[in-house]
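A.B. asks: Have a look at this one before I ask anything.
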Amino acid sequence: MVDARDLGTSPDEVQFRFRDDEPADHGTITVDACCDQTNATAVRIEPGDDARVLLPFLDRLALIEVNFPGFGDGRGYSSARILREAGYTGELRAVGDVLIDQLSHMRRCGFDSFAPDKRLDEDDAARAFATWEKVYQRAADVRRIIADIRHEA
Amino acid sequence: MYQYDQYDQAMVDARVEEFRDQARRRLEGKLTEDQFKPLRLMNGLYLQLHAYMLRVAIPYGTLNARQMEALADIADKYDRGYGHFTTRQNIQYNWIKLDDAADALADLAKVEMHAIQTSGNCIRNISSDHFAGAAHDEVADPRPYAELLRQWSSFHPEFTYLPRKFKIAVIAAEKDRAAMRLHDIGIRILKNDAGEIGAQFYAGGGMGRTPMIAPLIRDFVPLDQLITYAEACLRVYNRYGRRDNKYKARIKILVHELGAAEYTRQVEEEFAHMLSAGVEPPREELARIAAYFNDPAFVDGPKTIDRSDPDFALWVDRNTHRHKHDAYVSAVISLKPVGGIPGDATSDQMRLVAKLARDYSFDELRVMHTQNLLLPHVRIADLPALWAALDAAGLGSPNMDTIEDIIACPGLDYCSLANARSIPLAQRITERFAANGRTGELGELKLKISGCINACGHHHAGHIGILGVDKKGTENYQLSLGGSEAEDVSLAKITGPGFDEDGVIAAVETVTDVYLGARQDGERFLDTYRRIGMEPFKEALYG
Ligand code: SF4
């Protein structure tokens, strides 16, 4: 069995974080293990995992990592939104092949921390997070969408 | 037609800047080609055999004269003076330099146009009935719904890295002029028994190597839940569509493997959840958009015209379509001159068509999935003048829906995936039938050619379909019969062993001979085929 420590990213590896609380500093376990282990507070979702099996445990979870082994696999975006729609308020960390041009979409889907495999250029990332001043569709970020703004009294 | 407000404009401007930045990072080596590729694709930029190809979105095929002129300018400025209109109601430029791409996108943004999501594994440009808002048989204009979907699907954060591309078509008539059930999602706007307007959803259609006709998954979605239902369909696909094999990644495979009932059940579950999460835009938004699609100020006028010129009368019979106002028609501008390249237009032709749209069609134009152009609202009284102008510019071919109105993909002349050439074959077939004088006698006969199994030329849906295959390194063509993309949708069946280029042209002629010999009163080719079956055709081809 893999040491739990090996599975997660440590706070040092987190390059961008949009939260004020202290980052959880404990290893994450797999989704399967999380369902059996009643005291786990951090878990890692792989692309093929069903994020909904975690819903009963959201209260005790402080960190959920969503792994992107390759940036072209977009299942993690749905996982993130599903967790936020279910009311998860803990840290939601995108890890793995996280690149500049995915940051704004990930942020909209509810990710609030990012631990890319390769550190990203800070200026490029800042620009990427700010790409969309306004947005067309609802997502996990509860921004008012363009259609709302258009129809404000 | 729809006009951008400050927010729409800001979105496309932001996209141009984002792409400039991506191109810069690619040049600085911060992005690998593998990382850059999906980004440029989502901005319509493909690498083809000889150069980059830029595919520009024409949302639901509608544009105005100023936009058409901008397309002509781009053809002159960045390409070789022409463009190619596609089966997705878009336009493609085949000779674009990567260095110029961002400038071309900036030029497009100035006229409220873009190349957003015309490629890549995302929700593509929404297509619609080319007669939308003009046809006599619609319950509503489908384009406001298409525009609502366009905005929702643009830069959708959850659905930008789908298993595969995703195409949506919206229609609002019983007649299907948009191949609706051959899309990943097909939406038909209709009225229920209570007289309310809503949307019927079909899911899992498509062409490509495994053609499928989309099954009905929802009879009636109320209009204030349209986006929510689409979102549910997409989420189930994003989560469970196959990603292990790119040839099995389209939603049609998911729907097929799960079964339509199980896919529907999962969508309904997600839909119920999303209704409570609340993703629908405010109801007033649809009304705001719909106001842009109000009818222009039609005026009454003559309903008949002088048909003494037989050439003109033929064009009127073949290339005009019944309008909801009886003093008007919709007029098809054929991009299929005999011996020409299907769908190609020069910049001069584009400018002329723009001018004609201003003069005769309330400044409005359409691109048809049959790779023709269309003036949606032409006064019957104006037809002679319109026809004279078109005819003088080589745009007056009277061949809509005839064997000369061939759909052909770019094929081996441009496309790096092709097995065989499509364009020269289309050229030779039109020449053959123009010479033997059979075009008129054959009536409605839809011939469609794809240069490879990807089926961009819709060969599965052709009354006669031709598919280019690679046979021991030489170009070979498979013939198929009996397809239809219309409301009587069906997939064509292969006749038997393939042919070389000369052979397949002769085979098309043979097949039309069988039809003419067997047809009963008023039957189209397709009707005769359906009645008599494949055997007589096989017999004549191989017997
Ligand atoms: S059908 Fe094949 S050859 Fe034709 S354009 Fe599509 S990919 Fe290229």
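The values are calculated or read from the model by the stated rules, or taken from the named source; none is laboratory data. Note that the coordinates shown come from a computational prediction; the quantities given were computed from them, not determined experimentally. Using ideal geometry, Cβ is built from the backbone for each residue, glycine included, and neighbour counts are taken over all protein chains shown. Each accessible area value is taken on the protein alone, full model and side chains, heavy atoms only, with ligands, DNA and RNA left out. Shrake-Rupley method; radii C 1.70, N 1.55, O 1.52, S 1.80 Å.
A.B. asks: To the nearest Å, what is the center-to-center distance of the range A:11-66 and the range B:423-499, using C-alpha atoms only?
C.D. replies: 55 Å
A.B. asks: Something else now. With a 1.4 Å probe on protein heavy atoms only, tell me which residues of the range A:120-153 lose at least 50 Å² of accessible surface in the complex relative to the chain by itself.
C.D. replies: A:D124, A:W132, A:Y136, A:Q137, A:R138, A:R150, A:H151
A.B. asks: Can you give the alpha-carbon Rg of the protein assembly as shown over 2.2 N^0.38 Å, where N counts its residues?
C.D. replies: Computed over Cα atoms of the protein assembly as shown, the ratio equals 0.99.
A.B. asks: Let me ask something else. Counting heavy atoms of the protein chains only and a 1.4 Å probe, report the per residue accessible area for the range B:407-542 as a whole number of Å².
C.D. replies: With the other protein chains kept in place, the range B:407-542 gives 38 Å² per residue.
A.B. asks: Ok, one more. Which of the GluC sites (Glu not before Pro) across the range B:1-108 are loop residues per DSSP, with 15 or fewer other Cβ within 10 Å?
C.D. replies: In loop regions of the range B:1-108 (DSSP not H, G, I, E or B), the sparsely surrounded GluC sites (Glu not before Pro) are B:E28.
A.B. asks: Towards the positive end of the charge dipole of the range B:407-542, with charges on Cβ (+1 Lys, Arg; -1 Asp, Glu), say which of B:Y477, B:A518, B:L445 has the farthest Cα.
C.D. replies: With unit charges placed on the Cβ atoms, the residue in question is B:Y477.
A.B. asks: Please state the relative contact order of chain B as a whole percent: Cα pairs under 8 Å, 6+ residues apart?
C.D. replies: 13 percent
A.B. asks: For the range B:134-291, what size does the Cα cloud have along each of its three principal axes, sorted from largest down, in whole Å?
C.D. replies: Each principal axis gives a Cα extent; for the range B:134-291 these are 44, 35, 28 Å.
A.B. asks: How many Å² of accessible surface get buried when B and A come together, counting both sides, probe radius 1.4 Å, rounded to the nearest 100?
C.D. replies: Buried area between the two chains comes out at roughly 3700 Å².
A.B. asks: Quick check of the Kirkwood formula: for the range B:1-120, what is the inverse mean of 1/r over all pairs of different Cα atoms, in Å?
C.D. replies: Roughly 14.5 Å, rounded to one decimal.
A.B. asks: Given an 8 Å cut-off on Cα distances and at least 6 residues of separation, report the relative contact order of the range B:134-291 as a percent.
C.D. replies: 21 percent
A.B. asks: Let me ask you something else. Excluding residues fewer than 8 places away in the same chain, name every one of the lysines whose C-alpha is closer than 27 Å to that of B:K165.
C.D. replies: Reachable lysines: A:K134, B:K30, B:K37, B:K97, B:K175, B:K246, B:K248, B:K252, B:K446, B:K448, B:K493.
A.B. asks: Within the set of other residues whose C-beta is less than 14 Å from the C-beta of B:A345, count the net charge using Lys and Arg as +1 and Asp and Glu as -1.
C.D. replies: Net local charge, B:A345 excluded: -1.
A.B. asks: What GluC sites (Glu not before Pro) does the range B:452-543 have in DSSP loop regions with at most 14 other beta carbons within 10 Å?
C.D. replies: Sparse-neighbourhood loop GluC sites (Glu not before Pro): B:E487.
A.B. asks: Within the range B:138-238, list the GluC sites (Glu not before Pro) lying in a DSSP loop whose Cβ has at most 15 other Cβ atoms in a 10 Å radius.
C.D. replies: Filter output for the range B:138-238: B:E174, B:E196.
A.B. asks: Taking springs between alpha-carbon atoms closer than 10 angstrom, which of A:E46, A:E13, A:E122 fluctuates most in the Gaussian network model of chain A?
C.D. replies: A:E122
A.B. asks: So what are the ³J(HN,Hα) numbers for the range B:113-119, from phi and the Karplus equation (6.51, -1.76, 1.60; θ = phi - 60°), rounded to whole Hz, Gly and Pro as x?
C.D. replies: 10, 6, 10, 5, 6, 8, 7
A.B. asks: Between beta-carbons, use under 13 Å as the cut-off and find the net charge around B:E33, counting Lys and Arg +1, Asp and Glu -1.
C.D. replies: Charge balance in the 13 Å sphere: +4.
A.B. asks: Charges only on Cβ, +1 for Lys and Arg, -1 for Asp and Glu: so what's the dipole of the protein assembly as shown about the Cα centre, in debye to the nearest 20?
C.D. replies: Dipole about the Cα centre, nearest 20: 880 debye.
A.B. asks: Moving on. Return a whole-number percent for the relative contact order of the range B:428-525, with Cα pairs under 8 Å and 6 or more residues apart as the contact set.
C.D. replies: 22 percent
A.B. asks: Amide H neighbours of B:G339 under 5 Å, at least 5 residues apart or on other chains, H built in the peptide plane: list them.
C.D. replies: Hits under the 5 Å cutoff: B:T430, B:E431.
A.B. asks: Which number do you get for Rg(Cα) / (2.2 N^0.38 Å) in the range B:345-503?
C.D. replies: It is 1.15.
A.B. asks: If you roll a 1.4 Å probe over the heavy atoms of the protein chains, what accessible area per residue do you get for the range B:134-291, in Å²?
C.D. replies: So the range B:134-291 comes to 33 Å² accessible per residue, rounded to a whole number.
A.B. asks: Rounded if a/c is under 1.5, else prolate if a/b beats b/c, else oblate: with a ≥ b ≥ c from the C-alpha gyration tensor eigenvalues square-rooted, which is the range B:131-173?
C.D. replies: Since a/c reaches 1.5 and a/b is larger than b/c, the shape of the range B:131-173 is classed as prolate.
A.B. asks: Name the residues of the range B:144-183, by number, that are at least 40 Å² less accessible with every protein chain in place than in the isolated chain; the surface is that of heavy atoms, probe 1.4 Å, without ligands or nucleic acids.
C.D. replies: Going by heavy-atom accessible area, the residues of the range B:144-183 that drop by at least 40 Å² are B:Q151, B:F155, B:P157, B:E158, B:Y161.
A.B. asks: Also: With +1 assigned to the C-beta of every Lys and Arg and -1 to the C-beta of every Asp and Glu, and no other charges, what is the dipole magnitude of the range B:407-542 about the Cα centre in debye, to the nearest 20?
C.D. replies: Taking the Cα centre of the range B:407-542 as origin, the dipole is about 200 debye.
A.B. asks: Ordered by residue, what ³J(HN,Hα) values in Hz, to whole numbers, does the range B:512-519 give under the Karplus form 6.51 cos²θ - 1.76 cosθ + 1.60, where θ = phi - 60° and Gly and Pro are x?
C.D. replies: 5, 4, 4, 4, 4, x, 9, 5
A.B. asks: Related question: Spin-label point model (7 Å from Cα, Cβ direction): what's the B:S308 to B:E268 distance in nm?
C.D. replies: About 6.5 nm, to one decimal.
A.B. asks: Rounded, prolate or oblate: which fits chain B when a ≥ b ≥ c are the square roots of the eigenvalues of the alpha-carbon gyration tensor, with rounded for a/c under 1.5 and prolate only if a/b beats b/c?
C.D. replies: In terms of gyration-tensor shape, rounded.
A.B. asks: Amide H neighbours of B:T495 under 5 Å, counting only residues 5+ apart in sequence or on other chains, H built in-plane at 1.01 Å?
C.D. replies: Sorted by chain and number, the residues that satisfy this are B:L479, B:S480, B:L481.
A.B. asks: Further question: At a 4.7 angstrom Cβ threshold, list every cysteine in chain B that has nobody to pair with, or say none.
C.D. replies: B:C122, B:C233, B:C415, B:C452
A.B. asks: Continuing with the same structure: With springs only between Cα atoms under 10 Å apart, run a GNM on chain A and tell me which of A:D124, A:D50, A:D59 wobbles the most.
C.D. replies: Among A:D124, A:D50, A:D59, the largest GNM mean-square fluctuation belongs to A:D124.
A.B. asks: Turning to a different aspect of this structure: Decide, for the range B:97-145, between rounded, prolate and oblate: order the square roots of the alpha carbon gyration tensor eigenvalues as a ≥ b ≥ c, take rounded if a/c falls under 1.5, and otherwise choose prolate if a/b is larger than b/c, else oblate.
C.D. replies: Since a/c reaches 1.5 and a/b is larger than b/c, the shape of the range B:97-145 is classed as prolate.
A.B. asks: Another question about this same structure. Relative to the longest principal Cα axis of chain A, at what angle does helix A:75-85 sit, 0 to 90 degrees, rounded to 10?
C.D. replies: Between helix and principal axis, roughly 80 degrees.
A.B. asks: Of all DSSP beta bridges located in the range A:1-150, what percent are antiparallel, nearest 5?
C.D. replies: Rounded to the nearest five, the antiparallel share is 10 percent.
A.B. asks: Note down the magnitude of the dipole of chain A about its Cα centre, charges +1 on Lys and Arg C-beta and -1 on Asp and Glu C-beta and zero elsewhere, to the nearest 20 debye.
C.D. replies: Roughly 700 debye, rounded to the nearest 20.
A.B. asks: Would you grab the residues whose amide H sits under 5 Å from the one on B:R218? Only those 5+ places off in sequence or on another chain, please, with H modelled 1.01 Å from N.
C.D. replies: So B:R218 has HN proximity to B:F201.
A.B. asks: Also, I was wondering about something else. Mind checking which of B:M400, B:A65, B:V267 is farthest towards the positive end of chain B's charge dipole, using Cβ charges of +1 (Lys, Arg) and -1 (Asp, Glu) about the Cα centre?
C.D. replies: In chain B, that residue is B:V267.
A.B. asks: With a 1.4 Å probe and all protein chains kept in place, how do B:W387, B:W152 rank by accessible area, largest first?
C.D. replies: Highest to lowest solvent-accessible surface, that is B:W387, B:W152.
A.B. asks: With the solvent-accessible surface defined on protein heavy atoms using a 1.4 Å probe, which residues belonging to the range B:23-47 display a reduction of at least 30 Å² in accessible area in the multichain context relative to the isolated chain?
C.D. replies: By number: B:R25, B:K30, B:Q35.
A.B. asks: For the range A:131-138, just list the computed ³J(HN,Hα) in residue order, Karplus coefficients 6.51, -1.76 and 1.60, θ = phi - 60°, integers in Hz, with x standing in for Gly and Pro.
C.D. replies: These are the phi-based 3J(HN,Hα) values: 3, 9, 5, 10, 9, 8, 10, 6 Hz.
A.B. asks: Let me ask something additional. Take the alpha carbon atoms of the range B:32-51, find their center, do the same for the range B:92-143, and report the distance between the two centers in whole angstrom.
C.D. replies: Here the answer is 18 Å between Cα centres.
A.B. asks: Same structure again: Name the residue farthest towards the positive end of the dipole of the range B:310-392 from the options B:L356, B:Q371, B:I341, assuming +1 on Cβ of Lys and Arg, -1 on Cβ of Asp and Glu, about the Cα centre.
C.D. replies: Final value for the positive-end residue is B:Q371.
A.B. asks: While we're looking at this one, here's another question. Percent of accessible area on chain B owned by carbon and sulfur, 1.4 Å probe?
C.D. replies: About 50 percent, which is the carbon plus sulfur part of the accessible surface.
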